1. Say whether the condition of being within 16 Å of the ligand (Cβ to nearest atom), touching a residue at least 60 places away in the same chain (Cβ under 8 Å) and out of contact with any Leu (no Cβ under 7 Å at 6 or more places or on another chain) is met by at least one residue in region 58-66.
2. With respect to Ile25, determine if the residue is within 16 Å of Gly288 (Cβ to Cβ) and at pLDDT 95 or above.
3. Among the residues of region 34-52, are any within 16 Å of the ligand (Cβ to nearest atom), closer than 23 Å to Lys283 by Cα and free of Cβ contacts under 8 Å to residues at least 40 places away in the same chain?
4. Can you tell me how many residues within region 251-285 are within 30 Å of Asp96 (Cα to Cα) and either buried (at least 17 other Cβ atoms within 10 Å of the Cβ) or modelled with pLDDT under 95 (or both)?
5. Being of a type in the set (Gly, Ala, Ser), farther than 30 Å from Ala31 by Cβ and assigned to a helix (DSSP H, G or I) is the filter here; which residues of region 46-86 pass it?
6. Residues Leu147, Leu109, Leu134, Leu138: which one is in a helix (DSSP H, G or I), more than 13 Å from the ligand (Cβ to nearest atom) and touching a helix residue (DSSP H, G or I) at 6+ places or on another chain (Cβ under 6 Å)?
7. Only one residue in Val213, Val180 is in a helix (DSSP H, G or I) and touching a strand residue (DSSP E or B) at 6+ places or on another chain (Cβ under 8 Å). Which one?
Amino acid sequence: MHHLIDITDLSMQELQEIIDLALDIIADRPAYTERCKNKTLATLFYEPSTRTRLSFEAAMLELGGNVLGFSDASTSSVTKGESLADTIMTINKFADIIAMRHPKDGAPLVASRVTDIPIINGGDGSHCHPTQTLADLLTIKREMRRLDNLVIGMCGDLKFGRTVHSLTKAMMRYDNIRFVMISPDELRMPEHVLEELREAGIPYTEVRDMESVMPELDILYMTRVQRERFFNEEDYLRLKDSYILTSDKLRGAKESLRILHPLPRVNEISVAVDDDPRACYFKQVQYGKYIRMALILKLLEIK
Ligand code: CP
């Protein structure tokens, strides 16, 4: 592994090594404070972000490294017509590793072909979001003490939500996983992801109603409806409040359920749920920093 473009770029052994390293970082943070001294991370974000960009930057700073980059491509020479390839070949001269987000599916793959420094996909269009998945896996591992034998409910915008595409591809590799896809018809999980599940013999069901499946779930992964990917506002307004998780709706859920959300949240989880001990989405943000520290170390081959 030299770049991280898709979660399936990582073998199961590499996934485990990154999770183990993150657990070690959590257990012994002082041991890691200088590991990236004299190394520079560039964050090139062509799309808005709070968590992914800032957790990458926090991760590199906590490893003793430096950060540079842009959070808004309109302040860069992209506005003058510079190509992605030329931008990457330029940043290649200033940084040791790049984390990027782009509205176009496949842009990080294109970037990885013109540079010899590691490229990390921080989210490309509605395609995938592998570092969010790493954060999700670490959260599940810490909270459930396992990554196998789970019933995982994914709820909301399964069509445009890149996080659920990557998480499905990652979790289907563990033993005895069953998926419950909860969405309106218009926002179903894409057929190519479902086809992968069928080909691998992984059980899944598709339902519209959240309450009826709640008692079965070990993980409930909520997602927002991705307004920026809709072709018209009318459809967005019709679908945006398809699911709102409230304390009432959790009444039939297991005590051991864990509720995840990649964030940002819009309206799909009531703030009252934040006080429920099963709500993990802000812990998930914290785990996101540790797993990105581990990923940076792995990609830079720093022991
Ligand atoms: N989870 C996630 O990707 O959040 P941001 O869009 O804020 O980076």
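The values are calculated or read from the model by the stated rules, or taken from the named source; none is laboratory data. If you're wondering where the values come from, they're calculated on a predicted model, not measured in any experiment. All Cβ positions, even for glycine, are placed from backbone atoms using ideal geometry, and neighbour counts span all protein chains on display. Side chains are part of the model used for accessible areas, which takes the heavy atoms of the whole protein and leaves out ligands, DNA and RNA. Shrake-Rupley method; radii C 1.70, N 1.55, O 1.52, S 1.80 Å.
1. Of the residues in region 58-66, the ones within 16 Å of the ligand (Cβ to nearest atom) are 58-60.
Those left that are additionally touching a residue at least 60 places away in the same chain (Cβ under 8 Å): 58-60.
Filter again for out of contact with any Leu (no Cβ under 7 Å at 6 or more places or on another chain), leaving 58-59.
The answer is yes; a qualifying residue exists.
2. Values: within 16 Å of Gly288 (Cβ to Cβ): yes; at pLDDT 95 or above: yes.
So Ile25 fits the description; yes.
3. Within region 34-52, one or more residues are within 16 Å of the ligand (Cβ to nearest atom), closer than 23 Å to Lys283 by Cα and free of Cβ contacts under 8 Å to residues at least 40 places away in the same chain.
4. Quick first cut of region 251-285, residues within 30 Å of Asp96 (Cα to Cα) only: 262-264, 282-285.
With the extra rule that they be either buried (at least 17 other Cβ atoms within 10 Å of the Cβ) or modelled with pLDDT under 95 (or both), the set shrinks to 262-263, 284-285.
The number of residues fulfilling the criteria is 4.
5. Answer for region 46-86, where residues must be of a type in the set (Gly, Ala, Ser), farther than 30 Å from Ala31 by Cβ and assigned to a helix (DSSP H, G or I): Ala73, Ser74, Ser77, Ala85.
6. Numbers: Leu147 fails: in a helix (DSSP H, G or I); Leu109 fails: touching a helix residue (DSSP H, G or I) at 6+ places or on another chain (Cβ under 6 Å); Leu134 fails: more than 13 Å from the ligand (Cβ to nearest atom).
On inspection, the qualifying residue turns out to be Leu138.
7. Working: Val180 fails: in a helix (DSSP H, G or I).
The unique qualifying residue is Val213.
Every residue, every condition in (1) over 20 Å from Leu150 (Cβ atoms); (2) touching a strand residue (DSSP E or B) at 6+ places or on another chain (Cβ under 8 Å); (3) in contact (Cβ under 8 Å) with a residue 12 or more places away in the chain; (4) of a type outside the set (Asp, Glu), yes or no:
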position: Tyr204; (1), (2), (3), (4): no, yes, yes, yes
position: Asp218; (1), (2), (3), (4): no, yes, yes, no
position: Arg227; (1), (2), (3), (4): yes, no, yes, yes
position: Asp235; (1), (2), (3), (4): yes, no, yes, no
position: Ser242; (1), (2), (3), (4): yes, no, yes, yes
position: Leu245; (1), (2), (3), (4): no, yes, yes, yes
position: Ala253; (1), (2), (3), (4): no, yes, yes, yes
